[in-house]
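Bear in mind that the values in this text are calculations on the coordinates, not laboratory data. In this text, all values refer to a predicted model and were calculated from it rather than measured experimentally. Backbone-built Cβ (ideal geometry, glycine too); neighbour counts: all protein chains shown.
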Amino acid sequence: MSATSPVPAPAAPSIAELEEQERRLTLPHFDHDDAWTLGSLLVELARQRRAPVAIDIRRGGQQLFHAALPGSTPDNDAWIDRKRRVVERYGCSSYLVGSRFRAKGTTFEDSSRLDPDTYAAHGGAFPITVEGAGVIGTVVVSGLPQIEDHAMVVEALERFKS
């Protein structure tokens, strides 16, 4: 595939597949240098696809990496914050949280009792989980349809971990 060819939209993963992704993508460690490496990898993927995304990586309360690529807007930063808060509250990916609500025949917005201006269970935010420590941070992409935001983060984490 050439650098200018669009990536086909991924199929929606099942809840079991989403849970397996989180188990498989547990990391042995994660520090400032790792955030730079992972963030740079995401920027590279986004540039190859000409994806108009913003990228954010945090450990605890500290932002370790942020990038806004051409075509992204301040709205993407607002989405990053809303999706990140879902990961911080539920300890799993924002897409998994939304999928669990949909599997119950409802939506996160209708049933979570959380302010949708503060929380968004849309794909793109993924927990940074470290062996023996649990969830220590988040990696978030915003700017594409939610399945594609989620898939880009998973692809980057897979490459980062390999």
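You will find that of ALA151, ALA120, ALA125, ALA156, the residue that is under 26 Å from VAL43 (Cα atoms) and touching a Ser or Thr at 6+ places or on another chain (Cβ under 6 Å) is ALA125 and no other. Taken over segment 121-155, residues that are buried (at least 23 other Cβ atoms within 10 Å of the Cβ), over 10 Å from the mean Cα position of the chain (by Cα) and in a helix (DSSP H, G or I) amount to 0.
Would you confirm whether any residue within segment 98-118 is within 17 Å of ALA54 (Cα to Cα) and surrounded by 21 or more Cβ atoms within 10 Å (Cβ to Cβ)?
As a first pass, look at segment 98-118 and keep what is within 17 Å of ALA54 (Cα to Cα): none.
There is no residue in segment 98-118 that is within 17 Å of ALA54 (Cα to Cα) and surrounded by 21 or more Cβ atoms within 10 Å (Cβ to Cβ).
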